[in-house]
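First up is the structure itself, then whatever we jot down about it.
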Amino acid sequence: MTKKVAAVEESTDIDSGESKVYELGFHLDPELPSEEVKKAYQAIRALIAEHGEVVAEGEPEKIALAYTISRQGHADAPVRRDFDSAYFCWIAYEAPVEAHEEIVKAAGMQMRIIRFIDLSTDKEAARATLQRAALAAKTSEREPEIADAASGDALDAALEHVTV
């Protein structure tokens, strides 16, 4: 799955009350079919958009986890499961404090989410994360080109002209 990041234009249609900027990062179950991963991500995104403004986001990307996450199942599947990979996604959003609490509660109840973190941030930091993610995606796309250029006939030809 290709990593996609997106910025969303600002809007002024936020519920009354003091708004803050948050970033919700979450891991989705790696065994979900890709359609279900998209649905789970879109459900959280729709909830956030309903209560506030999406500032920036990174769509689901399957990653290896730095450590195993062990999680007790829900009532539907009470067996403990271990996860070594997950689909990672993040959404930076601006919302009133009351709406933020509802979003965090909904994320905690989502059975497809293995683990999540919700941080207070600001728009500039969220957009900087977006720029870093876009730059990292461009860099990772170029790595195979570099490896291909350094292999095969081009490398043999370059080594023929080397004197020791």
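The values are calculated or read from the model by the stated rules, or taken from the named source; none is laboratory data. If you're wondering where the values come from, they're calculated on a predicted model, not measured in any experiment. Positions of Cβ are generated from backbone atoms using ideal geometry, with glycine treated the same way; all protein chains shown enter the neighbour counts.
Here is how the numbers come out for the structure above:
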| item | result |
| --- | --- |
| Pick from region 58-72, criterion in contact with a strand residue (DSSP E or B) (Cβ under 6 Å, 6 or more places away or on another chain) and small (G, A, S), ranking: farthest from A126 (Cα to Cα) | S70 |
| Where a residue in region 97-112 is free of Cβ contacts under 8 Å to residues at least 12 places away in the same chain and its partner, wherever it lies, is outside any helix (DSSP H, G or I), with Cβ under 8 Å and at least six apart | G108/F116 |
| Residue check, S70 closer than 19 Å to E36 by Cβ, among the polar types (S, T, N, Q) and either over 17 Å from the mean Cα position of the chain (by Cα) or modelled with pLDDT of 95 or more (or both) | no |
| Check on I117, touching a helix residue (DSSP H, G or I) at 6+ places or on another chain (Cβ under 9 Å), modelled with pLDDT of 90 or more and among the hydrophobic types (A, V, I, L, M, F, W, C) | no |
